[in-house]
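Quick note: the coordinates plus some simple rules give every number you see, no bench work behind them. All values derive from a computational prediction rather than experimental measurement. Here the Cβ positions follow ideal geometry from the backbone for every residue, glycine too, while neighbour counts run over all protein chains shown.
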Amino acid sequence: MKTTLLTVAAALGLAVTGAQAQNYPNRPITMIVPFAAGGPTDVVARIVTDHMSRTLGQQIVVENVAGAGGTTGITRASQAQPDGYTIMMGHMGTHGAAPALYPNLKYDPTKDFAPIGLAAGTPILIVAKKDFPANNLQEAITYLKKNGDKVNMAHAGVGSVSHSTGVLFNSTIDIKPTFVAYRGTGPALNDLMAGTVDLMTDQIVNVAPQIQAGNIKAFAIATPERSPALQNVPTTKEAGLPDYQVSAWNAVFAPKGVPQEVVTKLNDALVKSLEDENTKKRLADLGGVLPTAEERTPAGLQKLVDSEVARWTPVLKAAGATGQ
Ligand code: MLT
């Protein structure tokens, strides 16, 4: 008798999941953005979910859950019901650097998620407040080597993209500025424009408009080629620091265990969003790099996460980065 009931219950459970997946989505979806509103992760999330909502026929509501370099929000998202109604925008920090910096991290980026697809590549720029006493990267490096300990460097929390790429920059030129943590590089950028913080390495989709407006200085972009959105900003190679090459990325994940049909519907909506002319233009205008066809697939994103965790762990340990 007991076995029969269990079998029926299990079958019902599967049936309910099947029915839910079939009708998915039939109510609004929450996308957790693990940083403050207005920063790069938030900007990419709002751009891509705008069109995704239309394809899915349900609103995707962005919920900003900041803290601990993005790991607070991602931990909460990883523990949500795997029904497709809670998804998240992760990135090279939360799903690449974090394990090296948080020994007690409550999730494994390579195992605890259902990858949906890459949303945007986000090259890194070395930026400074407008009155930073240097007019190019070499002058900045000279100044930083002499005054590094008096310089304040902004980031979005240990393990964030701005923190990890900042650690890498500092170890590349052997300086030790004072780190100032923010709940996102949106608020950090406000202080950079106000001149209350001196330096930052951040994602192009956040800093491009303020560089174009002349409100902050950009010393270089850490990619092999200049960005079409910032054609006057030299590459680190052109600026004499070829060893500093780093790009970040933002990607959509769901909690592990969501039904395959839900993954397929979310991925289809993301891919259609990245094919939409308006979405492409909004990302390109901010210097965002459109993912390749493979990166837009769940398998392609899983491959990226696996390689990024493997890559960042030794880099951050060699740079002497410490976490909690
Ligand atoms: C970071 O990792 O630096 C974040 O992307 C900053 C943000 O999105 O606010």
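If amide hydrogens are placed 1.01 Å from N in the peptide plane, which non-local residues have theirs closer than 5 Å to the one on residue 91?
Residues meeting the amide H criterion: 251.
When only C-alpha pairs under 8 Å and at least 6 residues apart count, what is the relative contact order of the chain, in percent?
Value for the chain: 28 percent.
Give me the angle, in degrees from 0 to 90, between the Cα long axis of helix 40-56 and the longest principal axis of the Cα atoms of the chain, rounded to the nearest 10.
For 40-56 against the chain, the angle is about 30 degrees.
Counting other C-beta atoms within 10 Å, which of 95, 155 has the fewest, and how do the rest follow?
Exposure proxy ranking, most exposed first: 155, 95.
Tell me the angle of helix 137-147 to the major Cα principal axis of the chain, expressed in degrees between 0 and 90 and rounded to the nearest ten.
Around 80 degrees separate the two axes.
Do you know the relative contact order of segment 209-324, to the nearest whole percent, from alpha carbon pairs under 8 angstrom that are 6+ apart?
Once normalised by length, the contact order is 17 percent.
Where the Cα atoms of the chain are projected onto their three principal axes, how long is each span, largest first, in whole Å?
79, 42, 31
What angle do you read, to the nearest 10 degrees and between 0 and 90, between the alpha-carbon axis of helix 298-318 and the longest principal axis of the chain?
40 degrees
How would you rank 298-304, 46-52, highest first, on the average number of other Cβ atoms within 10 Å across their residues?
Ranked from most to least packed, the peptides come out as 46-52, 298-304.
Which peptide among 108-114, 255-261, 316-322 comes first, and what is the full order, when sorted by highest mean count of other Cβ atoms within 10 Å?
Peptide ranking by packing, descending: 108-114, 255-261, 316-322.
Can you tell which of 161, 269, 283 lies farthest toward the positive end of the dipole of the chain, using +1 and -1 charges on the Cβ of basic and acidic side chains (Lys, Arg; Asp, Glu)?
Going by the Cα projections, it comes out as 161.
If you add up the charges near residue 60, with Lys and Arg at +1 and Asp and Glu at -1, over every other residue whose beta carbon is less than 11 angstrom from its beta carbon, what do you get?
Result for the neighbourhood of residue 60: 0.
Taking the DSSP beta bridges in the chain as the whole, what percent of them are antiparallel, to the nearest 5?
Roughly 65 percent of the DSSP beta bridges within the chain come out antiparallel.
So which residue, out of 295, 63, 225, gets the largest mean-square fluctuation from a GNM of the chain using Cα contacts under 10 Å as springs?
It is 225.
Please give the charge dipole size of the chain, origin at the Cα centre, charges +1 on K and R Cβ atoms and -1 on D and E Cβ atoms. Round to the nearest 20 debye.
Roughly 380 debye, rounded to the nearest 20.
Does anything in segment 112-133 have its amide N under 17 Å from the 7 Å Cα→Cβ label point of residue 173, and if so which residues?
Taking a point 7 Å out along Cα→Cβ of residue 173, the residues of segment 112-133 whose backbone N falls under 17 Å are 124-133.
Helix-only estimate, please: 222 nm mean residue ellipticity of the chain, summing -39500 (n - 2.57) across DSSP H runs of length 4 or more and dividing by its residues, to the nearest 500.
Taken over the chain, the calculation gives -13500 deg cm²/dmol.
What's the magnitude of the charge dipole for segment 122-250 around its Cα centre, counting Lys and Arg as +1 and Asp and Glu as -1 at the beta-carbon? Answer in Debye, nearest 20.
140 debye
Based on other C-beta atoms within 10 Å, arrange 200, 31, 153, 193 from fewest to most.
The most exposed by this proxy come first: 193, 31, 153, 200.
Over segment 56-116, what is the relative contact order in whole percent, taking alpha-carbon pairs under 8 Å and six or more residues apart?
Dividing the mean separation by the residue count of segment 56-116 yields 28 percent.
Using the Cα centre of the chain as origin and beta-carbon charges of +1 (Lys, Arg) and -1 (Asp, Glu), tell me which of 19, 148, 192 is placed farthest towards the positive end of the dipole.
19
Suppose the chain between residue 59 and residue 180 were pulled fully straight at 0.36 nm per residue; how much longer would it get relative to their current alpha carbon spacing?
40.0 nm
In nm, what is the difference between 0.36 nm times the number of residues separating residue 134 and residue 149 and their Cα-Cα distance?
Stretched out fully, the residue 134 to residue 149 stretch lengthens by 3.8 nm.
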